[in-house]
1. What list of ³J(HN,Hα) couplings, whole Hz, do you get for the stretch 75-88 from phi and the Karplus terms 6.51, -1.76, 1.60, once you set θ to phi - 60° and write x for glycine and proline?
2. Counting Lys and Arg as +1 and Asp and Glu as -1, each charge on the Cβ, what is the dipole of the stretch 128-208 about the Cα centre in debye, to the nearest 20?
3. Quote to one decimal, in nm, the extra length available between residue 124 and residue 81 on full extension: 0.36 nm per residue of separation minus the C-alpha distance between them.
4. Considering only protein heavy atoms and a 1.4 Å probe, what is the carbon-and-sulfur percentage of the accessible area of the stretch 77-187?
5. Within 10 Å, count the other beta carbons around each residue, average over each peptide in 64-76, 134-146, 157-169, and list them highest first.
6. Quick one: the Cα spread of the stretch 54-190 along its three principal axes, in angstroms, biggest first?
7. As an exercise, use a Förster radius of 25 Å and the Cβ-Cβ distance of residue 161 and residue 72 to find the FRET efficiency, rounded to the nearest 0.05.
8. Ranked from highest to lowest mean number of other Cβ atoms within 10 Å per residue, what is the order of the peptides 173-182, 190-199?
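The values are calculated or read from the model by the stated rules, or taken from the named source; none is laboratory data. As the structure is a computational prediction, the values presented were derived from the model and not from experiment. Ideal geometry is used to build each Cβ from the backbone, glycine not excepted, and the neighbour counts take in all protein chains shown. For accessibility, only protein heavy atoms count, side chains too; no ligands or nucleic acids. Shrake-Rupley method; radii C 1.70, N 1.55, O 1.52, S 1.80 Å.
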Amino acid sequence: MNTHALNVRLSAAAVLAAGAGLLAGCGTDDATPETKTETITQTAGSQSPEASAAPSRSGVDLAATAPAVSWRDALRTAGAQFTGSPTAVKLETEHGRTVYEIELASATQESDITIDAANGGVVAKTTDDLHGDDAAHAGAERFEAGEVTVEPDRAMRAAQARVAGPVSEWKLHRENGRLVYEINVGTAGDDTEVVVDAATGEVIGTDR
C-alpha cells in the first residue's frame, strides 16, 4: 500500500470518529449523570472529629474545651424545674453529647435533671419522694453555689498536674462535710479519680 492511499484512509477514519462524537453530543440532558451535593451542618452540642478522637474514657477531654453552658447556668436551669438545693453536679459525655447531671433535694423530695451542656436544654428529669434516713442524708449533702470558690477549669488543671491525661468527667459534691471535685483523669481502662477541694483548689488525694 502506497503512502497516499494510507493517508486517505486515515483521513476518512478521522472524519467518521468526529461524526460519531457529534452524534453523541446531540443526546438529551437526561443522559448526563446527576450530581448531588449534600451539606452537613454540625449542630450545637455535637462533637467535632478532633474532640471525638481524644483518647479519654468518654472520647472527649473536658479540660480541653469549656462547655458553652457553665455549671452555674445549668444549675439555674435545673432550679427552675425543681425547688430544692443541689447535692451534686456532674459533667460527663454520653453517646457523644456532653451533659450536666444535676441532683437536687428539698425536705421531702429529690430530683435528677439532665441539662445539655451545649444549649442548656433539659434532656431528662425524674423526681422521687424522700423519707426517713434518705431525707436526712440528702439534707446533709445539700450545698449552695456560692460556697464554691474554685471553678471546674482550675480544679481540672490541678488534677492534671497530679495525674497526666484527658479528663472524662468531673463531679462536684459534698464529701464528709467538705465540698470537693472528683475528677476522672486518664485513658479508657486506666483512669484515676483525683479529689480536689472546691474551696482551695488543693488536691486532697487520688484513687484508681
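1. 5, 5, 5, 5, x, 6, 8, 8, 8, x, 9, x, 10, 6
2. Numbers: 8 positive and 18 negative charges, 89 e Å.
Charge dipole of the stretch 128-208: 420 debye, to the nearest 20.
3. On the way: separation 43, 0.36 × 43 = 15.48 nm, distance 1.07 nm.
Between residue 124 and residue 81, full extension yields an extra 14.4 nm.
4. Numbers: 2230 of 5160 Å².
Of the solvent-accessible surface of the stretch 77-187, carbon and sulfur hold 43 percent.
5. Working: 64-76: 16.9, 134-146: 14.1, 157-169: 18.6.
So the order, starting with the most tightly packed, is 157-169, 64-76, 134-146.
6. Extents along the principal axes: 42, 31, 28 Å.
7. Working: r = 24 Å, r/R0 = 0.97.
E(calc), rounded to 0.05, equals 0.55.
8. Values: 173-182: 16.0, 190-199: 19.1.
Listed from highest to lowest mean packing, they are 190-199, 173-182.
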